[in-house]
1. Which number in (1) exposed (fewer than 13 other Cβ atoms within 10 Å of the Cβ); (2) in contact (Cβ under 8 Å) with a residue 12 or more places away in the chain; (3) assigned to a loop (DSSP other than H, G, I, E, B) marks the one condition that S64 misses?
2. I want to confirm something. Restricting to the stretch 1-40 and keeping residues that are in contact (Cβ under 8 Å) with a residue 40 or more places away in the chain and hydrophobic (A, V, I, L, M, F, W, C), which single residue is surrounded by the most Cβ atoms within 10 Å (Cβ to Cβ)?
3. For R43, are the conditions met, namely being under 26 Å from R154 (Cβ atoms), modelled with pLDDT of 90 or more and open to solvent by 70 Å² or more (accessible area, probe 1.4 Å)?
4. I147 versus (1) modelled with pLDDT of 85 or more; (2) in a loop (DSSP other than H, G, I, E, B); (3) surrounded by fewer than 15 Cβ atoms within 10 Å (Cβ to Cβ): which is the lone unmet condition?
5. Scanning the stretch 117-132 for residues that are over 24 Å from A96 (Cα atoms) and open to solvent by 80 Å² or more (accessible area, probe 1.4 Å), which turns out nearest to the chain's Cα centre (by Cα)?
6. Given the criteria under 28 Å from L146 (Cα atoms) and outside any strand (DSSP E or B), does I59 qualify?
7. Only one of these is part of a loop (DSSP other than H, G, I, E, B) and either hydrophobic (A, V, I, L, M, F, W, C) or open to solvent by 90 Å² or more (accessible area, probe 1.4 Å) (or both): K114, K163. Name it.
Amino acid sequence: KRVNHAANYEIGHYRFAQVWNKDAADNNGSLIDGKTAKTLLDRHHKAIPSIRGIYQKEIREEVSKTKMMVNVWGRRMIFHDRIAPDLFRQAYAWWAQSLVGDLTNIVFDGVADKVTVVNQGHDSLLVHCRKSHFMEDSKILLDKALIPIQVEGRELIIPVEFKVGHNWKEMQEFEVTI
């Protein structure tokens, strides 16, 4: 996941190593050097050339022309900084993050009168329900979350996962199907 985000947002390999190592230090993980970070990013770009060849290229072209982007939900973002690599990184991040954030809002709007939402985050909803209503409430959420969107002429459904538990610490993933 770290490599994917770093590649999508065009983070340089030294910065990627810093981010990786901070997370690793906080979680007793393995540290990497700049060379390893570069290798990981290069492998990822080689495996998925469309990140640079389509995704980043099209965003750079659009932002260079208009300094604006419109996501698939119709929300606009105007970029005020000068055209430079940092501006493009902001645009890459905005595009991906706005899709997920807006989807969360759409799901919230679609279920707020049917389930008890107690917290909404950027990419999550925390719902309180009785054990006896869990499957029913989960299916309501899943039904509202599986919204097909058009990206690059292809239909995409953003994956959804469910966790269940008596408290946040004890949450476990749970498979829900309609």
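1. Exception for S64: condition (3).
2. If we filter the stretch 1-40 for residues that are in contact (Cβ under 8 Å) with a residue 40 or more places away in the chain, which is where we start, we get 3-4, 7-11.
Filter again for hydrophobic (A, V, I, L, M, F, W, C), leaving 3, 7, 11.
Working: V3: 16, A7: 23, I11: 21.
Top of the filtered list is A7.
3. Values: under 26 Å from R154 (Cβ atoms): yes; modelled with pLDDT of 90 or more: yes; open to solvent by 70 Å² or more (accessible area, probe 1.4 Å): yes.
The answer is yes for R43.
4. Exception for I147: condition (3).
5. Among those residues, the one meeting the criterion is V118.
6. On the way: under 28 Å from L146 (Cα atoms): yes; outside any strand (DSSP E or B): yes.
For I59, the condition - under 28 Å from L146 (Cα atoms) and outside any strand (DSSP E or B) - is met.
7. Numbers: K163 fails: part of a loop (DSSP other than H, G, I, E, B).
K114 is the lone residue from the list that is part of a loop (DSSP other than H, G, I, E, B) and either hydrophobic (A, V, I, L, M, F, W, C) or open to solvent by 90 Å² or more (accessible area, probe 1.4 Å) (or both).
The values are calculated or read from the model by the stated rules, or taken from the named source; none is laboratory data. Treat the numbers as computed from the prediction; the structure is a model and nothing was measured. Backbone-built Cβ (ideal geometry, glycine too); neighbour counts: all protein chains shown. The accessibility values were calculated without ligands, DNA or RNA, using every heavy atom of the protein model including side chains. Shrake-Rupley method; radii C 1.70, N 1.55, O 1.52, S 1.80 Å.
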